[in-house]
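The values are calculated or read from the model by the stated rules, or taken from the named source; none is laboratory data. Just so you know, these numbers come straight off a predicted model, no measurement behind them. Don't worry about glycine lacking a Cβ; one is built from the backbone with ideal geometry, like all the others, and counts go over all protein chains shown. Ligands, DNA and RNA are stripped out before the accessible areas are found, and what is left, the full protein with its side chains, is counted by its heavy atoms. Shrake-Rupley method; radii C 1.70, N 1.55, O 1.52, S 1.80 Å.
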Amino acid sequence: MEELLQEIRGCTLCQPVLQLGPNPVVVAHPQARIVIIGQAPGTRVHRTSIPWNDASGKRLRGWLGVDDSTFYDEKKFAIVPMGFCYPGKGKSGDLPPRPECAPRWHAPLWQKMQQVQLTLLIGQYAQRYYLGKRAQPTLTDTVSHYADYLPEYIPLPHPSPRNDFWLRRNPWFEEEVVPVLQDRVRSILDRSKEKSTSV
């Protein structure tokens, strides 16, 4: 795994089109139980190389019901975005994740992570890539049908402050989906804790 991560962090595949240059941000470990697949790093993550260290990450950890130390424990959570590098600024926010990353690097990472019990698909790019034809026509529909994808996946909206309007319009998400998410996360982490203490 460490050799693969070094290879990923040294990747320059998209260098010619990255506004701030390459800085792949990924967290993975063979013992990881939960994988978070988001979109791509923002500028703050690009500068610090720490994934989800912004307002979006704070809200995400709230949805998961975990603290920072648990979230950043690589044996618990792997963080494998659709694009590992900051893609640049577009007319209405950040550009989409680069399309080269997931086909090149996700499969080798999955081969090294054999203990994953839950994958969180954050945003439409992750949902379309991993659910394929099983994804609903819109993100809202896909998230509302979350039970169809259990126990392997839970689709989520992006926790960005930009999505405050979506959250206000869809109160069922925090009322129904977030408690299910927290129960699944708690159950998986508790089982992994019991397994580690019994060894």
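In table form, for the structure just shown:
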{"read-out": "Complete set of residues in region 8-34 that are outside any loop (DSSP other than H, G, I, E, B) and in contact (Cβ under 8 Å) with a residue 12 or more places away in the chain", "value": "I8, R9, V17, V27, I34"}
{"read-out": "Residue, most open to solvent (accessible area, probe 1.4 Å), within region 112-163, restricted to residues that are of a type in the set (D, E) and out of contact with any strand residue (DSSP E or B) (no Cβ under 8 Å at 6 or more places or on another chain)", "value": "D148"}
{"read-out": "Selection within region 75-95 - loosely packed, with under 15 Cβ neighbours inside 10 Å and at pLDDT 95 or above", "value": "K75"}
{"read-out": "Among the candidates L20, L13, residue that is in contact with an Asp or Glu (Cβ under 8 Å, 6 or more places away or on another chain) and open to solvent by 70 Å² or more (accessible area, probe 1.4 Å)", "value": "L13"}
{"read-out": "Helices (runs of 4 or more DSSP H) lying entirely in region 81-199 (those with 2 or more residues that are within 24 Å of C11 (Cβ to Cβ))", "value": "107-112, 124-131"}
{"read-out": "Within region 42-52, considering residues that are modelled with pLDDT under 95 and in a loop (DSSP other than H, G, I, E, B), the one least open to solvent (accessible area, probe 1.4 Å)", "value": "G42"}
